[in-house]
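The values are calculated or read from the model by the stated rules, or taken from the named source; none is laboratory data. On a predicted model such as this, the values are computed, not experimentally measured, just so you know. Here the Cβ is made from the backbone with ideal geometry for all residues, glycine too, and neighbour counts use every protein chain on show. Only protein heavy atoms, including side chains, enter the accessible area calculation; ligands, DNA and RNA are left aside. Shrake-Rupley method; radii C 1.70, N 1.55, O 1.52, S 1.80 Å.
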Amino acid sequence: MPKLIKSLIDQSQPKDKNYFVWDTEVKGFGCRILIGGKKTYVFYYHSPLTKKKTGVKIGVHGNMTVDLARTEAKKLSAAVASGNDPREQKQEKIMEQKQAMLFEDFFQIFKEKYIIVAYKDRGYSNMNVASVHLLPRFGQQRLDTITSKDIKLFLESLRHIPSAANRSFSLLSVLFKKAEEWEYLPLKSNPCIGVSRYKENKKQRFLSRPELLKLEEAFNQQEKERPHTYYLVNALRLALYTGCRRGNILNLKWENVHLKERYIHLPDTKTGESAIPVNMKAHDLLASLKRQTNNDYVFPGRVSGKPLIDINKTWKQILKRAGIK
């Protein structure tokens with residue numbers, strides 16, 4: 001096999017399986033030709049630590065010249081000869097870069113990988129907590145420098161709003177737990193461990209019979225005077241009749257509504273899969289709803305094929321109409 005040069009790599013065509021074109025000058029240096037046509041420079045060697053054959057990616061042909069790749073392969077070969085494992089060194093460097101990440105940068109990763117998936121209907125409120133409290137305080141601080149003392153001082157600054165402090169703390173605690181799990185921080189380094197939340201007086205609010213009647217009348221008035229809130233009002237009605245969470249109501253699809261059997265199938269809730277019995281009011285409401293041919297959601301939003309996003313504004317208007325605090 002001749003020495004690797006640009007023309008040789010350019011002429012190497014994809015086959016029905018991946019293969020390598022090896023260099024004769026530097027042992028272990030080659031170019032991997034993938035089935036899809038991508039060509040990647042690699043260096044394979046026997047680890048001086050594990051004694052096993054392993055390899056590292058050097059770069060992509062086209063983005064890196066073969067001469068530059070060979071120079072890098074020589075450095076890697078010299079590292080192996082000195083008793084070092086390039087793959088281990090690369091992992092250590094990646095770990096160092098991860099741990100030096102700013103809080104705001106890791107939060108973006110946390111948001112995409114966890115908040116949007118795990119919190120579902122609470123995703124919006126958690127993003128609001130982050131933008132109002134967490135990012136202004138910790139955004140420009142390195143993730144690995146945040147200590148328990150920092151967390152305590154942060155909570156102290158929110159002592160006048162204990163509920164917001166506790167919600168912020170809960171989100172922080174999960175964030176640092178995931179940072180450990182995804183190897184952005186060492187294990188057992190969560191600065192939230194041992195920090196106490198504020199005590200809160202739990203509030204429960206039950207509607208009286210007269211209030212329920214006022215609420216039903218407010219629904220009717222809202223729908224009559226503001227026809228564009230038709231789906232918003234009925235989403236609120238169904239929440240009242242079933243006790244389902246807001247996110248489960250807004251993301252409900254017709255395929256999960258079983259009127260004949262009188263139940264709603266919720267395939268993905270906070271506590272897992274569940275079935276919600278449908279009483280007469282909920283049954284009649286669902287049976288009377290207008291369906292959109294281009295939308296699978298029971299409560300379609302303004303964007304084609306998408307559900308309603310938020311019902312807070314309409315809910316406040318209805319409560320005001322009903323005179324309910």
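Under the convention that each Lys and Arg Cβ holds +1 and each Asp and Glu Cβ holds -1, the size of the dipole of segment 127-178 around its Cα centre is about 80 debye. Angle of helix 66-81 to the longest C-alpha principal axis of the chain, folded into 0 to 90 degrees and rounded to 10: 80°.
Measuring nothing but how far apart in sequence close Cα pairs (under 8 Å, 6+ apart) lie, relative to its length, the chain scores a relative contact order of 10 percent. Applying 0.36 nm per residue to the separation of I161 and T71 and subtracting their alpha-carbon distance, the gain on full extension is 26.5 nm.
Projecting the Cα atoms of F20, L49, A78 onto the charge dipole of segment 1-84 (Cβ charges, centred on the Cα centre) puts L49 farthest toward the positive pole.
Excluding ligands, DNA and RNA, what is the solvent-accessible area per residue of the chain at a probe of 1.4 Å, expressed in Å²?
Ligands and nucleic acids excluded, the result is 62 Å² per residue.
Computed from Cα atoms, the angle from the helix 312-322 axis to the main principal axis of the chain rounds to 10 degrees.
Let a ≥ b ≥ c be the square roots of the eigenvalues of the Cα gyration tensor of segment 230-295; is it rounded (a/c under 1.5), or, if not, prolate (a/b larger than b/c) or oblate? Mind showing how you got there, number by number?
Details: a/c = 1.32, a/b = 1.24, b/c = 1.07.
Verdict is rounded for segment 230-295.
Per residue of the chain, the DSSP helices (runs of n ≥ 4 H) give a summed -39500 (n - 2.57) that works out to -13000 deg cm²/dmol at 222 nm.
Candidate cross-link partners of K90 among the aspartates and glutamates, defined by an alpha-carbon separation under 14 Å and a same-chain spacing of 8 or more, comprise E72. A simple spin-label model places pseudo-atoms 7 Å from Cα toward Cβ; at D310 and K199 they are separated by 3.5 nm. Roughly speaking, to the nearest percent, how much of segment 215-325's 1.4 Å accessible area is carbon and sulfur? Whole-percent figure for carbon plus sulfur exposure: 50.
Each of L135 and K253 was given a label point 7 Å from its Cα along the Cα-to-Cβ line. The distance between the two points is 3.1 nm.
Which entries in K178/K199; K111/K320; K75/K178 show an alpha-carbon gap greater than 30 Å?
Values: K178/K199 25 Å; K111/K320 34 Å; K75/K178 35 Å.
Pairs exceeding 30 Å: K111/K320; K75/K178.
Once the Cα atoms are used to define both axes, helix 230-242 deviates from the longest principal axis of the chain by about 80 degrees.
Of the residues H133, I264, G305, the one whose Cα sits farthest toward the positive end of the charge dipole of the chain, with +1 on the Cβ of Lys and Arg and -1 on the Cβ of Asp and Glu, is I264.
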